[in-house]
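Visitor: If you scroll down you'll find the structure; I have some questions about it.
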């Protein structure tokens, strides 16, 4: 009798907490797997069914970026906040998500790392992260540093702030074991950036 009561109590508690757990995972970054409800390996059709049609993108030679922008309260596009997904064809010629990139602090890892986190916190949470590349805008001189933890499948884009310390401005989840530089296609908004390191 006591065992049945215990099982029912646990079952009720789990059902009560399930919506809260689902809401938390909707804003979670899981390296090598997903950002929010967008999973690596998803097809463009599956993602569009969940998010609606992309607001923009770029495609060439079996590779494509699709972009979804955040919306203001009046439903106009907020181009400063976006979700970008990089697709390539698999061995069966199907397009699949290979990289998922966000630049909003709403999403975070289990350790609390998000856009806006300083490099020191990222290194504490991801001790195997290494600088993978540095890009510089030929016009403005702005630099972007990519820090990649290849083994887990997560990359952090950092830029220098007025304080002098680098801060995360975007996070990309990619396939575990494949470095971002191995499969990197220049992000559409970065046409003026050239790799310098």
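The values are calculated or read from the model by the stated rules, or taken from the named source; none is laboratory data. Note that this is a predicted model, so its numbers are computed, not measured. Quick reminder, even Gly has a Cβ in these numbers, built from the backbone with ideal geometry, and neighbours come from all protein chains shown.
Visitor: How many residues are modelled with pLDDT of 95 or more and surrounded by 14 or more Cβ atoms within 10 Å (Cβ to Cβ) when one looks only at the range 120-146?
Guide: 6
Residue-by-condition table, conditions (1) touching a residue at least 40 places away in the same chain (Cβ under 8 Å); (2) under 23 Å from residue 121 (Cβ atoms); (3) in a strand (DSSP E or B):
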site	(1), (2), (3)
54	no, no, no
59	no, no, yes
68	no, no, yes
75	no, no, no
78	no, no, yes
86	yes, no, yes
93	no, no, no
98	yes, no, yes
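Visitor: Considering only the range 104-113, state which residues are under 12 Å from the mean Cα position of the chain (by Cα), surrounded by fewer than 20 Cβ atoms within 10 Å (Cβ to Cβ) and touching a residue at least 12 places away in the same chain (Cβ under 8 Å).
Guide: 104, 106, 108
Visitor: How many residues are loosely packed, with under 14 Cβ neighbours inside 10 Å and at pLDDT below 90 if we restrict to the range 8-49?
Guide: Of the residues in the range 8-49, 19 are loosely packed, with under 14 Cβ neighbours inside 10 Å and at pLDDT below 90.
Let's see how each residue does on (1) outside any strand (DSSP E or B); (2) closer than 12 Å to residue 172 by Cβ:
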site: 115; (1), (2): yes, yes
site: 131; (1), (2): no, no
site: 148; (1), (2): no, yes
site: 157; (1), (2): no, yes
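Visitor: Surrounded by 15 or more Cβ atoms within 10 Å (Cβ to Cβ) and modelled with pLDDT of 95 or more: which single residue out of 85, 154, 100 fits that description? Step through it out loud before you land on a result.
Guide: On the way: 85 fails: modelled with pLDDT of 95 or more; 100 fails: modelled with pLDDT of 95 or more.
When all the criteria are applied, what remains is 154.
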